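Shown below is the structure under consideration.
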Amino acid sequence: MECTEVTVLKGVGSQLAEKLLKLGIRTIQDLLFHLPLRYLDRTRISPLGGLQLHSHVVIEGEIKASDVVFGRRRSLMCRLQDGTGTVTLRFFHFTHAQKQRLAPGVRLRCFGETRRGASGIELYHPECEILEQTNPLPLEQTLTPVYPITEGITQQRLRSLTQQALEMLNSGATNTHLTELIPETLRQRLQQPPLTEAIAYLHHPPKEASVDLLLRGEHPHQQRLAFEELLAHHLSLLRIRQRTQAEKAPVLSSNSEIQQRFLRQLPFQLTAAQSRVIGEVSADIARPRPMLRLVQGDVGSGKTVVAALAALQTVANGFQAAIMAPTEILAEQHRRNMTQWLQPLGVETAWLTGRQKAAERRRQLQAIANAAAQVVIGTHALFQEEVEFANLGLIIIDEQHRFGVHQRLSLRQKGTKSGLQPHQLIMTATPIPRTLAMSAYADLDFSAIDELPPGRTPVTTVAIAGERRGQVIERVRLACREGRQAYWVCTLIEESELLEAQAAEATAEELGKALPDLTVGLLHGRMKPQEKEAAMAAFKAAELDLLVATTVIEVGVDVPNASLMIIENPERLGLAQLHQLRGRVGRGASASHCVLLYSSPLSQQSRERIKAMRETNDGFVIAEKDLRLRGPGEVLGTRQTGAIQLKIADLQRDAHLLHSIKMCAHQLLRDYPQQADALIQRWLGHNEHYANV
Ligand code: ADP
Ligand code: MG
């Protein structure tokens, strides 16, 4: 049954099969796993006298009158009566035959939703069945499922197909059963119902089932499936990890002399947290197995130095290191840092972005291919097919939350020619709540830089309404007159780089006029790379007082003298993004401020976000709050990358399952590897990235 196609069902031809495919249903198993969104109770008849508004009800009665009325819209109105009261059925679309059938004296059973109409309680377009005295209609014995549907497939159609599939399941023929993949002993220990029982129950819950629990997704039978789905995801990540670890990686031994030379030329001392994480990474890459390590450190915690030292250790062993950043500005900044830190030690760097001129690009590609370049810095462009590394030993990905598991996997294809897999170091400033870390990053080891460099003063955050914009501008003037620098960040509702750029341009012009004694610069995503570079360099050199920018500066930009940030319309951004933006200030010794210049009225969610921003500078607290407000998909930034797509489970709701899932996953991999693979196939088989690893 796992792969029996739906076309074996009665009434399913190629056309219907195609529509089903739009719902992700190809096999009988898919159909059975296509679970109801909610349920209707058609198991009892409601007396007309006691109807409540806005409920789905089954009613019965006799038609007392049936008329076509010409109000604002022509409609057919039938008055239905039982011993207890009267309601109106209203049809805006009806055929002549329908009108004739719904004649006075006819007894009807109807199903529909009550609403307030011109004549009191009405049902618009209810489903109707005519009751014959001789042949009483049975009522439904179970709750009626309501499925997610698509154009061309009705609820009734889906219900009857599912019914057929369930009958096949119950018939017990060996080719039609649904394999139980969680081993019996484990299942019983976890007190989970069998799979087939859960599936059958969820398609047709008995009438006494708790609709409340079902709607919340907390019914034990739903939890059984959520458990299995999360287990499959976890297994897939562990499998990725297993396979990676079975491969060989270059041994990049640490060389304390070179390391000391590097550290001596730094203008600061490493924090204890930095030293510890560098030690972990250094030990990892000295082993012949590919490192897969996630380094998490709040904005400003100093992750770049960790990357530089890892790259240096790689180069010292005759291999290349690649550093990938999510934006050009950040890549440019890494390039500057790496060149500044590594060139004095004789390390050659190369540089690749999507916007380079052809000749320049060719030159860089050649240096990468012939090993002249030892550290290569760039954006996604690094991992295009034409980029050939001579001997890549280490891949560093900065600000990982923007890349999904897919991208992580595709990097492995950039392995060294010698058949060695490069080590991977992933750095993120987005604190990942524990539950998410476990389910989204179970394939990675984990280090935390849980300490900021000394001498930082926490950023004070205030929220000010847009009406007081003039005062905020004045505040910028005062701060800049004291020799400090400021960011003014423009945001937009639509994710349109063009509109955002235009808004920033207009704001820069406005502020330039309002602040004639200040030098105002502009930075947005539509500018040419050289222009961006020039703007950043001028700001860094304090030639600009105020930098008006779009959210392109969100990630990684580092100008310690900037101590004031205005964020316009912060209500348009998520918490994590606001926290990232704010991380651009508070990097120097002087007290820093962040002004959230909002437009009222604020929604409840925006108000909570702004409150959280004012209350804490702690990335972990922000992340937990963000998870609660937005849900896991958004927090991981996986909307774009599609890393976690859960059909049934909900990471927050089902977080309590994660502990047993972890235990179960390890036991499956050890004792039941085939079941483990079948589970991955069942839940993630449609996803080639997982299926092919
Ligand atoms: P992030 O973790 O956000 O990437 P960066 O690596 O950009 O942080 O570092 C932020 C700033 O702190 C940089 O100016 C960097 O030079 C500085 N820095 C890093 N480590 C230390 C340290 N141990 N002491 C003082 N300053 C440091
Ligand atoms: Mg950084």
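The values are calculated or read from the model by the stated rules, or taken from the named source; none is laboratory data. Here the structure is a predicted model, which is why all the values come from computation and not from measurement. A quick note on method: Cβ atoms are made from the backbone with ideal geometry, for glycine too, and the neighbour counts reach across all protein chains shown. What goes into the accessible areas is simple: the full protein's heavy atoms, side chains included, and nothing from ligands, DNA or RNA. Shrake-Rupley method; radii C 1.70, N 1.55, O 1.52, S 1.80 Å.
Of Lys64/Lys207; Lys357/Lys532; Lys64/Lys99, which pairs sit farther than 20 Å apart, going by alpha carbon to alpha carbon?
From the list (Lys64/Lys207; Lys357/Lys532; Lys64/Lys99), the Cα-Cα distance tops 20 Å for Lys64/Lys207.
Still on this structure, I have one more. How high is the FRET efficiency between Glu474 and Arg261 when r is their beta carbon distance and R₀ equals 45 Å, given to the nearest 0.05?
0.40
For the stretch 126-141 and the stretch 1-70, what is the separation of their C-alpha centers, rounded to whole Å?
Using only Cα atoms, the two centres lie 17 Å from each other.
In terms of Cα to Cα distance under 29 Å, which lysines are near enough to Lys19, apart from those fewer than 8 places away along the same chain?
Cross-link targets: Lys10, Lys647.
Let me ask you something else. Multiplying the sequence separation of Ser171 and Phe94 by 0.36 nm and subtracting their Cα-Cα distance, what value in nm do you get?
Gain on stretching Ser171 to Phe94: 23.6 nm.
When a/c is below 1.5 the answer is rounded, else prolate if a/b is larger than b/c, else oblate, so apply that to the stretch 468-578 with a ≥ b ≥ c taken from the square roots of the Cα gyration tensor eigenvalues.
rounded
Further question: What FRET efficiency comes out for the pair Ala465/Arg116, r = Cβ-Cβ distance, R0 = 30 Å, nearest 0.05?
Rounded to the nearest 0.05, the efficiency is 0.15.
Just subtract the alpha-carbon distance of Glu543 and Arg289 from 0.36 nm times their residue separation and send over the number in nm, one decimal.
86.7 nm
Measure off 7 Å from each Cα along the Cα-to-Cβ vector at Glu280 and Glu608, then give the distance between these two points in nanometres to one decimal.
3.1 nm
Hey, another quick one. For labels at Thr86 and Glu451 in the simple 7 Å Cα→Cβ model, what's the distance in nm?
A separation of 8.2 nm, rounded to one decimal place.
Using a 1.4 Å probe on the protein heavy atoms, what percent of the accessible area of the chain belongs to carbon and sulfur? Could you put the intermediate results ahead of the total?
Values: 15430 of 31100 Å².
It is 50 percent, rounded to a whole number.
Follow-up. Can you tell me how the stretch 191-325 classifies by the Cα gyration tensor, rounded, prolate or oblate, using a/c under 1.5 as the rounded cut?
Cα axes put the stretch 191-325 in the prolate bin.
At Ala591 and Ala103, where each label point lies 7 Å from the Cα along Cα→Cβ, what is the point-to-point distance in nanometres?
Those two pseudo-labels are separated by 8.8 nm.
Ok, one more. Mind checking the full-extension length gain between Glu348 and Glu62? Use 0.36 nm per residue of separation minus the Cα-Cα distance, one decimal, nm.
My answer for the length gained is 94.0 nm.
What span do the alpha-carbon atoms of the stretch 100-250 cover on each of the three principal axes, reported in whole Å from largest to smallest?
85, 38, 30
Based solely on its DSSP helices, what 222 nm [θ] is calculated for the chain when runs of n ≥ 4 H residues each add -39,500 (n - 2.57) and the sum is averaged over all residues, nearest 500 deg cm²/dmol?
Computed ellipticity for the chain at 222 nm equals -12000 deg cm²/dmol.
Just to verify a number: FRET efficiency for Ser14 and Thr154, C-beta to C-beta distance, R0 = 25 Å, to 0.05?
The calculated FRET efficiency here is 0.85.
Hey, can you find the accessible area per residue of the chain for me, probe 1.4 Å, expressed in square angstrom? Display every interim value, and only then the final one.
Working: 31100 Å² over 693 residues.
In whole numbers, the chain has 45 Å² accessible per residue.
Take the alpha-carbon centre of the stretch 470-485, take the same for the stretch 534-582, and report the distance between them in whole Å.
Using only Cα atoms to place each centre, the spacing works out to 15 Å.
Could you list which residues have their amide H under 5 Å from that of Ile464, counting only those 5 or more apart in sequence or on another chain, with H placed in the peptide plane?
Leu596, Leu597, Tyr598
On a straight-distance basis, which lysines could pair with Lys611 in a cross-link, Cα separation under 29 angstrom, same-chain partners fewer than 8 positions away excluded?
Within the straight-line cut-off, Lys611 pairs with Lys303, Lys625.
Right, here's the next one. Please work out whether the stretch 46-88 counts as rounded, prolate or oblate from its C-alpha gyration tensor, where a ≥ b ≥ c are the square roots of the eigenvalues and a/c under 1.5 means rounded, while otherwise a/b larger than b/c means prolate and anything else oblate?
Note, shape of the stretch 46-88 comes out oblate.
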